[in-house]
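The values are calculated or read from the model by the stated rules, or taken from the named source; none is laboratory data. Fair warning: this is a prediction, and the values are worked out from it, not measured in the lab. Heads up, the Cβs are rebuilt from the backbone with ideal geometry, glycines too, and the neighbour counts pull from every protein chain shown.
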Amino acid sequence: MKKPTPAQVVQHYLDTFFAKDVERTLDCLTDDVVWKVQGAAEVPTIGLRQGKDAVRAWLAAFPQHFKPLAFRIDRMFENGQQVVVTGDFTHQILSTGRTFSSDFAAVCTVRDGKISAYAFLEDSYALWQSFQPV
């Protein structure tokens, strides 16, 4: 059987994430994965996490704070073991009812067929604003 390309590994991760299949999503990651979402520390899903247990907690927190309304991949670039995904999304912030839309870039490193590093970049100021009380 042919080994999946890094881009295929990342696409599989995205598919399992949006299917809300936590165990299959975690199977896409190395045990020592480094997971980073840039932004204000007051936003619950922002920050650096290391290892599958920390990412499991992040995956559990995400649906407590966000209702995804739209997610579109514009492009996926692969260079060696690095994959960059660009696109845009819209989420509803559950605590405020506000809608948050942003372009994004996700930078992933793939090692041995699994994601070993994940960095998500979005409009972190607009995200922080969306979490502020109405």
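For the stretch 1-41, the set of residues classified as charged (D, E, K, R) and within 21 Å of Gln81 (Cβ to Cβ) consists of Lys2, Lys3, Asp15, Asp27, Asp31, Asp32, Lys36, listed by residue number. How many residues are in contact (Cβ under 8 Å) with a residue 24 or more places away in the chain and surrounded by 14 or more Cβ atoms within 10 Å (Cβ to Cβ) if we restrict to the stretch 45-76? The number of residues fulfilling the criteria is 11. Given the structure, is Arg49 assigned to a strand (DSSP E or B) and modelled with pLDDT of 95 or more? Against the criterion (assigned to a strand (DSSP E or B) and modelled with pLDDT of 95 or more), Arg49 qualifies. In the stretch 43-64, the condition of being among the polar types (S, T, N, Q) and more than 20 Å from Thr99 (Cα to Cα) is met by at least one residue.
Restricting attention to the stretch 5-23, which residues are part of a helix (DSSP H, G or I), within 13 Å of the chain's Cα centre (by Cα) and of a type outside the set (A, V, I, L, M, F, W, C)?
Going residue by residue through the stretch 5-23, those that are part of a helix (DSSP H, G or I) are 6-18, 22-23.
Filter once more, so that each one left must be within 13 Å of the chain's Cα centre (by Cα): 10-18, 22.
Across the stretch 5-23, the qualifying residues are Gln11, His12, Tyr13, Asp15, Thr16.
Taking every residue in the stretch 26-37 that is touching a residue at least 12 places away in the same chain (Cβ under 8 Å) and pairing it with any residue that is small (Gly, Ala, Ser), at least 6 positions away or on another chain, the pairs with Cβ-Cβ distances below 6 Å are Thr30/Ser116; Val33/Ser116; Val34/Ala117; Lys36/Ala119. Residues in the stretch 17-44 that are closer than 18 Å to Phe66 by Cβ, surrounded by fewer than 17 Cβ atoms within 10 Å (Cβ to Cβ) and of a type outside the set (Lys, Arg): 10 in all.
When the stretch 77-130 is filtered for residues that are in contact (Cβ under 8 Å) with a residue 40 or more places away in the chain, outside any strand (DSSP E or B) and surrounded by 18 or more Cβ atoms within 10 Å (Cβ to Cβ), the ones remaining, listed by number, are Glu122, Leu127.
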